[in-house]
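The values are calculated or read from the model by the stated rules, or taken from the named source; none is laboratory data. All of these numbers come straight from a predicted model, not from anything done at the bench. Glycine gets a Cβ as well: all are built from the backbone with ideal geometry, and neighbour counts include every protein chain shown.
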């Protein structure tokens, strides 16, 4: 067995102007990071985590996947510990690595998810590290009640909140014809498993269209969060020695204008963001238990924006004044010449 086609799509959704999701689609490595934090801290966290995977060397097995996620955690935690504007930020991460024999290794932290469609039946492969999921697993909350629970966004594990993170890593035996989906909770919270299954069955022959349909369904359901979906398939055969096993597709596919309420394209954030200039502060709606204080990040970002905006207005005023003076001088000279 070997890796077949793959596709990826990300979208800010209907309620967010920014996109705090980052993704990696570098066959045979796939990953999603869903950031959280005030101002642009969530975007910084997810981009740092994704960049750790982009810069990684080749490897295989559970140990390699764990090391990738631990390195991503180290980078996010180091930035959050040294930069007041990103204090308290974090990110989920779900990684899928297709091995040379066609089998799969998954690494997981947070509430992004991995699914498998096999024989037209959808199965969730990862367990959410969230408060309501823990309550469901202990039998203290029904799955139906969990879907509308006011604390459904509270996660119990994330990258960046501590110097070390507990990673779920496990092998998955694949079969020819398997279709795998990893996604942020902006999809899974808005679209039920039955609808996801139906969309994947309907568009099984066109993964780009399947990814587009998943994002469209999440937006149609309200689009309350950023939405990212990566699809890849396992097919019969063996990978030939000359066949490249890495390709890069870093940018999201263009979204339909009807899917969102604003004109911004949903694209993958850059691998590294140095600051949060120009970003309006926004509250985090996802938190880790124990919840980190994100007020510092929002206040720092808002404070940094104010003087820059004032300088911009002063420069604009000077330009306007200079233009008016030039017009007056030109009119005077023209009158004298007559």
Here is a list of conditions, (1) touching a helix residue (DSSP H, G or I) at 6+ places or on another chain (Cβ under 6 Å); (2) buried (at least 18 other Cβ atoms within 10 Å of the Cβ), and residue 84 meets all of them except one; can you say which number that is?
(2)
For residue 37, the lone unmet condition from (1) on the phi < 0 side of the Ramachandran plot; (2) touching a strand residue (DSSP E or B) at 6+ places or on another chain (Cβ under 8 Å); (3) buried (at least 20 other Cβ atoms within 10 Å of the Cβ) is (1)
Listed residues 146, 169; which is more than 25 Å from residue 49 (Cα to Cα) and either in contact (Cβ under 8 Å) with a residue 12 or more places away in the chain or crowded, with 16+ Cβ neighbours inside 10 Å (or both)?
146
Subset of the stretch 190-217 (residues that are buried (at least 20 other Cβ atoms within 10 Å of the Cβ) and within 19 Å of residue 128 (Cα to Cα))
190, 191, 196
Does residue 120 qualify as being at pLDDT 95 or above and more than 13 Å from residue 180 (Cα to Cα)?
no
Screening 45, 72 for residues that are in contact with a helix residue (DSSP H, G or I) (Cβ under 6 Å, 6 or more places away or on another chain), more than 20 Å from residue 127 (Cβ to Cβ), at pLDDT 95 or above and buried (at least 24 other Cβ atoms within 10 Å of the Cβ) leaves only 45
How about the stretch 108-133: which of its residues are in contact with a helix residue (DSSP H, G or I) (Cβ under 9 Å, 6 or more places away or on another chain) and within 12 Å of residue 156 (Cα to Cα)?
109, 110, 111, 127, 128, 130, 132, 133
Within the stretch 223-250, considering residues that are within 27 Å of residue 51 (Cβ to Cβ) and loosely packed, with under 14 Cβ neighbours inside 10 Å, the one modelled with the highest pLDDT:
243
Identity of the residue in the stretch 173-187, in contact with a helix residue (DSSP H, G or I) (Cβ under 9 Å, 6 or more places away or on another chain) and within 13 Å of residue 122 (Cα to Cα), that ends up surrounded by the fewest Cβ atoms within 10 Å (Cβ to Cβ):
179
Residues (surrounded by 22 or more Cβ atoms within 10 Å (Cβ to Cβ) and closer than 14 Å to residue 36 by Cβ) located in the stretch 87-96
88, 89, 90, 91, 92, 93
When residue 134 is evaluated against the numbered criteria (1) farther than 28 Å from residue 77 by Cβ; (2) without any contact (Cβ under 8 Å) to a residue 24 or more places away in the chain; (3) not in a strand (DSSP E or B), which criterion, by number, is the only one it fails?
(1)
With the structure loaded, tell me whether residue 99 is more than 20 Å from residue 28 (Cβ to Cβ) and surrounded by fewer than 20 Cβ atoms within 10 Å (Cβ to Cβ) or whether it fails that test.
no
